[in-house]
Structures are given as C-alpha cells and as structure tokens.
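The values are calculated or read from the model by the stated rules, or taken from the named source; none is laboratory data. Just so we're clear, the structure is a prediction, and the values are computed from it rather than from any experiment. Ideal geometry is used to build each Cβ from the backbone, glycine not excepted, and the neighbour counts take in all protein chains shown. Surface accessibility is based on the protein's heavy atoms, side chains included, excluding ligands, DNA and RNA. Shrake-Rupley method; radii C 1.70, N 1.55, O 1.52, S 1.80 Å.
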Amino acid sequence: MRFPIDAVRAQFPALAVCDDGRPRVYFDAPGGTQICAPAIARMVAHLQGGTANSGGAFITSVETDALSHAAHVAMADLLGGTADEIAFGPNMTSLTLAVSRALARTWAAGDEIILSRLDHDANVAPWLLAARDAGVTVRWIDLDPDRGVLRIEMLPDLLSPRTRLVAVGGASNALGTLTDIAAVVRMVRAGSAALVFVDGVQSVPHVPVDVGALGCDMLACSPYKFFGPHQGVLWARAELIGNLDVYKVRPASAMPPAHRLETGTPSFEAQGAVLGTIEYLASLGGLVEPGAGDRRARLLAALAACVEYERDLGDRLLAGLARLNGVRLYGPPTMTGRVPTFAFTVEGHHPDAVAAHLAAQGIFAWSGHFYAVEPLARLGLADRGGLVRVGLCHYNTAGEVDRLLAALGALAG
C-alpha cells in the first residue's frame, strides 16, 4: 500500500507550526526528532493523574510502577529483548559512562579494547576514560575516508586473547553509514571472548533491530531520536548485567538485571512517553500491514514501511545533490549501506553559513562536528568547520526535499 504520510504527519503537532505563515521543514532528525502525539498524551496523563515514586502501596505509586513496567516491556518489544534487559536513563551517554565504569572494574593492566573511528564520541570517550583508569590498551578500527565506511575487515587482526570489549555504532551520526553489526559480532566471537557494545542511537530509528539475531551483548539507543522524549535506553544481556558490579546506592542493589543501572528516581513521565512512542509505531504497523500480529510484528512492519519510504526520499535527495555544483557528499553515494542522514559541504561556504542560510528559509539542519570527533578528524574536517548535516525520517515529504534542494541551489549555483 501507499505509505500513509498524511496520517503520519497528523500525529506530530510540531509539523503544523508555521513561522510568518511558512511551514517549518525539520531536517534536524539526527540530532533529535519531533515527538509524536501519543507520547505527549502518555506523559501528560501520568503527570495530570497523579505521579509518585516507585514501590508504594498507594494508588499513584502502584500506577507508576505499572507504567514503568509497561515502558520496559515496550522497549523490549522494539529491540527484541526482554523487559528485565532494559534500563532507562537520562541519555545514552550517561548509560554508557555507567556501563564503562562498571566493566572497567573487571579489566586489568595489559587488557585491550577496540574502538571505532566512525563513532559518535558517546561511544568513544567513555571507553577511553575507562581504559585510562584501568591501564588498558586501546586499538582502533579505522575509517575509510574515501568511502566513509568502517574498515571492519581490520577487526580480526586487532583481536587478541586480551581483548575485553569491542565498541561500534550501528550507523554513523555524521555520515549515515551503516556498519554490519552481525558481521562484527561473528568476527569477535571467532577471535576472542570480548563483549560487543553497540551504539544504536542512529540505527534504531531507521533499521529493524533484533538484538538476539545481532548477537551483541549491549545496545544503547535514544528515544528522542525516534519520535519520543529525551531519554536513553540500554539493552543488555541479563546474564551479563546481572553479574556486573554496578555503582548503586545500597538499598537499590536488589533489582532485575539491567534495572540495576537505573540510578536514583527516574523520569517516570518520560518512560510513559516512551510507551506512547512504541504504541504509535505499533499503530502505524497495523495501518501499513493490517494482518500483522502481536506488537513486535506490528513494530517490524512499521519500520519496514518507514525504511522503504525513507529510501525513496533519500534517492530523491541524493539525485538532487549530485546535480548541484560545488556540493560534496561524504559517505555512501546511494541509499545502499546507509540511513537517511546526509553530510556534505558547499564549496566557498562555511558549513555554519550554509545552515544559517537554510534556517533563514525555514529549513532546520545542523552544521559542525555533531560530537563525531573521530570521523571528522579522520576526514580532515575538524579545523574546517565540519559538515552540513540533514536527516530525513518518515514524517518528511518529497516537497520538503525539493525545498531543501532549491535552497542549496541558490548557494551552489
């Protein structure tokens, strides 16, 4: 069936906002998407109906616990895990710092970890700090600067009996490049006993995920990158995280495996919003594939439909960029091997100036390094203003893509 773009856009209140009568164009999705109405409704309902902390016998606490449990189950359905393997946190970075700190307690001087030159710094700096504190050697999977892809063929030669961790990203937040996580896991399992940590912040919004099929040990993502609230989520194998000595206050130590990483009082209202987000995606799945069964099946149907729709938009954008003089794209030249995140430069124009030009025309895009410290340095762009980045998602339209291309054409000539 035809993708129900009108029904989708109706679920996002921000898309109806105009500035001086001109509709906004949200191409800033890699930095955070707009939130869907069911997520807003869930958040407001929890706050208006009476909020409370967890563990009490009174009704608001009981309802809070039920909401939190439902949010954990919903995220498990999205990722293919179980509710006790899901941890919520304020953001992906905080959760990664917590995991790295706990894992480093199991490392010894002379151990090794392997990091990626393609990743956001949230999947680099926490491990560098942990390695520094534990006296661990850091090895690197290099980025091919010409193709914008991670050279995973290097990985077998980097592994050793002392390798304790391999940290990679599912998709680059700067270039949009996908990394074959299943292949990475197979290499790691064949050559070491190392754990595999995946930054799924950019891949989860655009690629159906099954953590069991991937075979990784941990995967982190951010609901505000897939139409929800500002939260972080970590999936971790129960047997791994249940035996990890995490940093907790003493009364909170006896908790289900991954929940042990949830420190302090969480944002229950945000967990409610995550539940609303998953409910929205599941309803979309039922719309595009009426015969889909349980929620997991409906979620997979929704993501598959979004992938196809986003691919068509991406093809349109890539074809348009290729026609513009002076525009250089970084990363894969087609939609094969990428998510719909696109980074480029415009000859003769600083990336910040390009972003400002677009903003003046109501088109929202990012410029700079996007915390992608390693890839920008490897591309030789760290001291040149970085890149312009636009990101598409399933609520964007072909007309918006054309509007972007016209605005860029005025600069590129």
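How about the range 210-243: which of its residues are open to solvent by 10 Å² or more (accessible area, probe 1.4 Å) and either at pLDDT below 95 or more than 23 Å from G31 (Cβ to Cβ) (or both)?
D210, G212, A213, L214, G215, R237, A238, E239, L240, G242, N243
Considering only residues that are polar (S, T, N, Q) and open to solvent by 10 Å² or more (accessible area, probe 1.4 Å), look in the range 323-360 and name the one that is nearest to D19 (Cα to Cα).
Top of the filtered list is T345.
Tally time: how many residues in the range 361-392 are of a type in the set (A, V, I, L, M, F, W, C) and surrounded by fewer than 20 Cβ atoms within 10 Å (Cβ to Cβ)?
Number satisfying all stated conditions: 4.
Inspect all residues belonging to the range 207-222 and state whether any of them is within 28 Å of V390 (Cα to Cα), among the β-branched types (V, I, T) and assigned to a loop (DSSP other than H, G, I, E, B).
yes
With V168, V201, V184 as the choices, which residue is within 27 Å of L387 (Cβ to Cβ), out of contact with any Leu (no Cβ under 9 Å at 6 or more places or on another chain) and either open to solvent by less than 20 Å² (accessible area, probe 1.4 Å) or part of a helix (DSSP H, G or I) (or both)?
None of the other options fit; the residue is V201.
Consider A83 carefully, then state whether it is at pLDDT 95 or above and surrounded by fewer than 21 Cβ atoms within 10 Å (Cβ to Cβ).
Yes; evaluated as a whole, the condition is true for this residue.
For the range 343-357, state whether one or more residues are touching an Asp or Glu at 6+ places or on another chain (Cβ under 9 Å) and either among the aromatic types (F, W, Y) or modelled with pLDDT of 95 or more (or both).
no
For D312, all conditions in the list (1) part of a strand (DSSP E or B); (2) open to solvent by 70 Å² or more (accessible area, probe 1.4 Å) hold save one; what is the number of the exception?
(1) is the only condition that D312 fails.
Out of all the residues in the range 362-390, which are modelled with pLDDT of 95 or more and aliphatic (A, V, I, L, M)?
I363, A365, A372, V373, L376, A377, L379, L381, L387, V388, V390
Name every residue in the range 3-21 that is open to solvent by 30 Å² or more (accessible area, probe 1.4 Å) and under 20 Å from A301 (Cβ atoms), in order of residue number.
D6, A7, R9, A10, Q11
Any residue in the range 146-172 that is at positive phi sitting within a Cβ distance under 6 Å of a residue that is of a type in the set (V, I, T) and not in a helix (DSSP H, G or I)? List the pairs, counting only those 6 or more apart or interchain.
G148/T177
State which residue is nearest to the chain's Cα centre (by Cα) when the search covers only the range 60-110 and only residues that are among the β-branched types (V, I, T) and under 29 Å from V207 (Cα atoms).
By that ranking, first place goes to T93.
Search the range 277-299 for residues being of a type in the set (A, V, I, L, M, F, W, C) and either closer than 22 Å to G81 by Cβ or open to solvent by 50 Å² or more (accessible area, probe 1.4 Å) (or both), and hand back the single one that is modelled with the lowest pLDDT.
Step by step, filter the range 277-299, then rank; the result is A292.
Which one of these is touching a Ser or Thr at 6+ places or on another chain (Cβ under 6 Å) and either more than 26 Å from D6 (Cα to Cα) or of a type outside the set (G, A, S) (or both): G385, G368, G331?
Exactly one residue qualifies, and that residue is G331.
Any residue at all in the range 246-269 that is under 16 Å from the mean Cα position of the chain (by Cα), buried (at least 20 other Cβ atoms within 10 Å of the Cβ) and of a type in the set (G, A, S)?
No, there is no match, as no residue in the range 246-269 is under 16 Å from the mean Cα position of the chain (by Cα), buried (at least 20 other Cβ atoms within 10 Å of the Cβ) and of a type in the set (G, A, S).
In this structure, does P156 turn out to be closer than 21 Å to T96 by Cβ and at pLDDT 95 or above?
No, not satisfied.
Exactly one condition in (1) surrounded by fewer than 19 Cβ atoms within 10 Å (Cβ to Cβ); (2) under 22 Å from G391 (Cβ atoms) is not met by V124; state its number.
Of everything listed in (1) surrounded by fewer than 19 Cβ atoms within 10 Å (Cβ to Cβ); (2) under 22 Å from G391 (Cβ atoms), V124 misses just condition (1).
Can you pull out every residue in the range 373-389 that is touching an Asp or Glu at 6+ places or on another chain (Cβ under 8 Å) and outside any helix (DSSP H, G or I)?
Listed by number, the list holds a single entry, G385.
Can you name the residue in the range 45-82 that is aliphatic (A, V, I, L, M) and either free of Cβ contacts under 8 Å to residues at least 24 places away in the same chain or outside any helix (DSSP H, G or I) (or both) and is also farthest from K225 (Cα to Cα) among such residues?
Here the answer is A57.
Tell me, yes or no, whether the range 28-41 has at least one residue that is free of Cβ contacts under 8 Å to residues at least 60 places away in the same chain and part of a helix (DSSP H, G or I).
For the range 28-41, residues free of Cβ contacts under 8 Å to residues at least 60 places away in the same chain and part of a helix (DSSP H, G or I): absent.
Give the range 332-356 a look and list any residue that's among the hydrophobic types (A, V, I, L, M, F, W, C), free of Cβ contacts under 8 Å to residues at least 40 places away in the same chain and not in a helix (DSSP H, G or I), or say none.
Answer for the range 332-356, where residues must be among the hydrophobic types (A, V, I, L, M, F, W, C), free of Cβ contacts under 8 Å to residues at least 40 places away in the same chain and not in a helix (DSSP H, G or I): just M335.
Against the definition (without any contact (Cβ under 8 Å) to a residue 60 or more places away in the chain, in a helix (DSSP H, G or I) and over 13 Å from V8 (Cα atoms)), how does A297 come out, yes or no?
The answer is yes for A297.
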